[in-house]
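Working notes for the structure below.
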Amino acid sequence: MKGKKIKRGIERWTAENIELEGKSFKDISFNWTGASAGVLFNQFKKKVEISFPSLDDEQDYSDNIYGKYQGYALHELGHVWFTTNRPWDKARKVHGGRIGRFINGLEDVRIEREVIKSGYVKDAQGIFEHLVHEVLDTDGYVEPDDEKNIHFMLAIEGRRRSGYAIEPKTILNDSVYGYEILNALTKLDRAKNTSQVTQIAIELQKEIEDIEFVS
């Protein structure tokens, strides 16, 4: 499938799913030049911009790539539907940039649970699992003791706790941060909104700082 066909298909699918759920976003735009997927949205101005990793318009891609980008799209829609920006932005301002990564890793898990539970999109868990497999197949898992990888471990191990069939075995037992990550994910099981996720991330950052101080 040509890259341009994937782009048009994903854009159409994404816009249709926003409208089907009555979100009525008047200004939906897509950016295909990113290094990774992401979303910017304003719930009051009804404006959404979704970014995707770049694709070559004329290159042929496998069907797996379409499924991967559908996973990206559904994940970012999950943020539009279920993430509240204000507590996340406030925490970054008060606690620094690292807290944003921790919130992101935790919130990614929570919003995907909400998407699956909502029934908005058929086989949402299957779509998400395909995305996770494609990412892990391409990039592999991460080094367990690198602090910069904590948010990735939160995101993968949180999805595993949600029941995703993830082939690589958990690396939490091999990580110096494993206990703290598991503790945060246990709290996440009860989180109902972005504010609660933010508080879990703040507590996690304090625990990580204590480890670094002792080290």
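The values are calculated or read from the model by the stated rules, or taken from the named source; none is laboratory data. What you see is a predicted model, and the numbers here were worked out from it, not measured in a lab. Note that each Cβ is placed from the backbone with ideal geometry, even for glycine, and that neighbours are counted across all protein chains shown. Quick note on the areas: whole protein, heavy atoms, side chains included, nothing else; ligands and nucleic acids left out. Shrake-Rupley method; radii C 1.70, N 1.55, O 1.52, S 1.80 Å.
Give region 35-66 a look and list any residue that's part of a strand (DSSP E or B), over 23 Å from Thr84 (Cβ atoms) and within 19 Å of the chain's Cα centre (by Cα), or say none. Talk me through it step by step, then tell me what you get.
Kept after step one, since they are part of a strand (DSSP E or B), are these residues of region 35-66: 38-42, 47-53, 60.
From what's left, over 23 Å from Thr84 (Cβ atoms): 52-53, 60.
Phe52, Pro53 - these are the residues of region 35-66 that are part of a strand (DSSP E or B), over 23 Å from Thr84 (Cβ atoms) and within 19 Å of the chain's Cα centre (by Cα).
Among the candidates Ile181, Ile200, Ile150, single out the residue that is at pLDDT 95 or above, more than 21 Å from Val132 (Cα to Cα), β-branched (Val, Ile, Thr) and crowded, with 18+ Cβ neighbours inside 10 Å. Explain how you work it out, then say what you get.
Values: Ile181 fails: more than 21 Å from Val132 (Cα to Cα); Ile150 fails: more than 21 Å from Val132 (Cα to Cα).
Going through Ile181, Ile200, Ile150 in turn, the sole match is Ile200.
Residues in region 101-132 that are of a type outside the set (S, T, N, Q) and more than 23 Å from Lys148 (Cα to Cα): how many?
The initial filter retains those residues of region 101-132 that are of a type outside the set (S, T, N, Q), namely 101-103, 105-117, 119-124, 126-132.
Narrowing further to those that are more than 23 Å from Lys148 (Cα to Cα): 113-117, 119-124, 126-130.
Here the count works out to 16.
When you scan region 101-118, do you find a residue that is of a type in the set (Ser, Thr, Tyr) and either free of Cβ contacts under 8 Å to residues at least 12 places away in the same chain or open to solvent by 60 Å² or more (accessible area, probe 1.4 Å) (or both), even just one?
Going through region 101-118, the residues of a type in the set (Ser, Thr, Tyr) turn out to be 118.
From what's left, either free of Cβ contacts under 8 Å to residues at least 12 places away in the same chain or open to solvent by 60 Å² or more (accessible area, probe 1.4 Å) (or both): none.
Scanning region 101-118, I find no residue that is of a type in the set (Ser, Thr, Tyr) and either free of Cβ contacts under 8 Å to residues at least 12 places away in the same chain or open to solvent by 60 Å² or more (accessible area, probe 1.4 Å) (or both), so the answer is no.
In region 119-165, which residues are without any contact (Cβ under 8 Å) to a residue 60 or more places away in the chain and acidic (Asp, Glu)?
Once the filter is applied, which keeps residues that are without any contact (Cβ under 8 Å) to a residue 60 or more places away in the chain and acidic (Asp, Glu), region 119-165 yields Asp123, Glu129, Asp137, Asp139, Glu143, Asp145, Asp146, Glu157.
Checking Thr83 against (1) open to solvent by less than 60 Å² (accessible area, probe 1.4 Å); (2) more than 29 Å from Ala191 (Cα to Cα); (3) β-branched (Val, Ile, Thr), which single condition isn't satisfied?
Evaluating Thr83 over (1) open to solvent by less than 60 Å² (accessible area, probe 1.4 Å); (2) more than 29 Å from Ala191 (Cα to Cα); (3) β-branched (Val, Ile, Thr) leaves (2) as the failure.
Check whether at least one residue in region 32-40 is in contact (Cβ under 8 Å) with a residue 12 or more places away in the chain, open to solvent by 60 Å² or more (accessible area, probe 1.4 Å), under 23 Å from Arg110 (Cβ atoms) and of a type in the set (A, V, I, L, M), and report yes or no. Quick ask: steps written out before the conclusion?
Applying the first criterion (in contact (Cβ under 8 Å) with a residue 12 or more places away in the chain) to region 32-40 yields 32-39.
From what's left, open to solvent by 60 Å² or more (accessible area, probe 1.4 Å): 33, 35-36.
Within this subset, residues satisfying the condition of being under 23 Å from Arg110 (Cβ atoms) are 36.
Then drop every residue that is not of a type in the set (A, V, I, L, M), which leaves none.
Looking through region 32-40, none of the residues is in contact (Cβ under 8 Å) with a residue 12 or more places away in the chain, open to solvent by 60 Å² or more (accessible area, probe 1.4 Å), under 23 Å from Arg110 (Cβ atoms) and of a type in the set (A, V, I, L, M).
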